[in-house]
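Peer 1: My structure is below; once you've seen it, I'll send some questions.
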Amino acid sequence: MTPFYTNLALWVGGLILVSILKQEVDKDEKISRFTPSQAYFGRCLYCDHGLIQGFIVCAGDILLLKTQCLHPAAFILAGMFCSFVYVNLIYAMALTFKHIGKALAVLLVILQIPGSSGTYPIEMTPIFFRKLHPLLPFSYGISAMRECIAGFYGHTYAKNLGILALFLLLALFIGLVLRLLLMNLNHLFDRRLAETDLMLGRNRQ
């Protein structure tokens, strides 16, 4: 169960990180000009925290919880990479879709709990989750960590991390391409949200 709960902790940690740290970059007197792409990559703090989070969680599994693991270094590396991908994906969704993006991140973790085969073999789950299984990042993060715990089989470890890297490309597409298309709509939504006085909204220049 260690791979499942480790991936779950990394995703929830990334979700909390994006919730407590500001996503947008504001313009001021010192920095008045920057492109949306520069603003997106300017939040590298998320990536740094994601790597640190992955190291702490996986090292804690081995050193504190005494998880049996044949390849502890590879396990920690897999955890750091999973955390890096998850934080980037959650950050991209939150920045592009605002509150809806955070809700999507919560929905994703709910779907991944039964759909990633972390607790039961995917063959024992309903057909909906069997169809969803290849589309979930947890499926590959959990499989990569299982290789480290039970021993490598062929190139399964590298294959799963390679597929997981595709979700990083998806995050970059959402944050750099899709965000540009929705930017004006998001600004309008933020202004309307601020006018309701029900939720915090950001009016940007």
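The values are calculated or read from the model by the stated rules, or taken from the named source; none is laboratory data. This one's a predicted model, so the numbers in the text were calculated from it and none came from an experiment. Heads up, the Cβs are rebuilt from the backbone with ideal geometry, glycines too, and the neighbour counts pull from every protein chain shown. Note: accessible area is taken over every heavy atom of the protein model, side chains too, but ligands, DNA and RNA are not part of it. Shrake-Rupley method; radii C 1.70, N 1.55, O 1.52, S 1.80 Å.
Peer 1: Report, by residue number, each residue of the stretch 137-177 that is open to solvent by less than 70 Å² (accessible area, probe 1.4 Å), outside any helix (DSSP H, G or I) and within 25 Å of Ala59 (Cβ to Cβ).
Peer 2: Selection gives Gly151 alone.
Peer 1: Kindly establish whether Met80 is assigned to a helix (DSSP H, G or I), closer than 23 Å to Lys159 by Cα and touching a Leu at 6+ places or on another chain (Cβ under 9 Å).
Peer 2: It is true that Met80 is assigned to a helix (DSSP H, G or I), closer than 23 Å to Lys159 by Cα and touching a Leu at 6+ places or on another chain (Cβ under 9 Å).
Peer 1: Same structure again: Take the stretch 92-128 and flag every residue that is part of a loop (DSSP other than H, G, I, E, B) and touching a residue at least 12 places away in the same chain (Cβ under 8 Å).
Peer 2: Lys98, Ser116, Ser117, Gly118, Thr119
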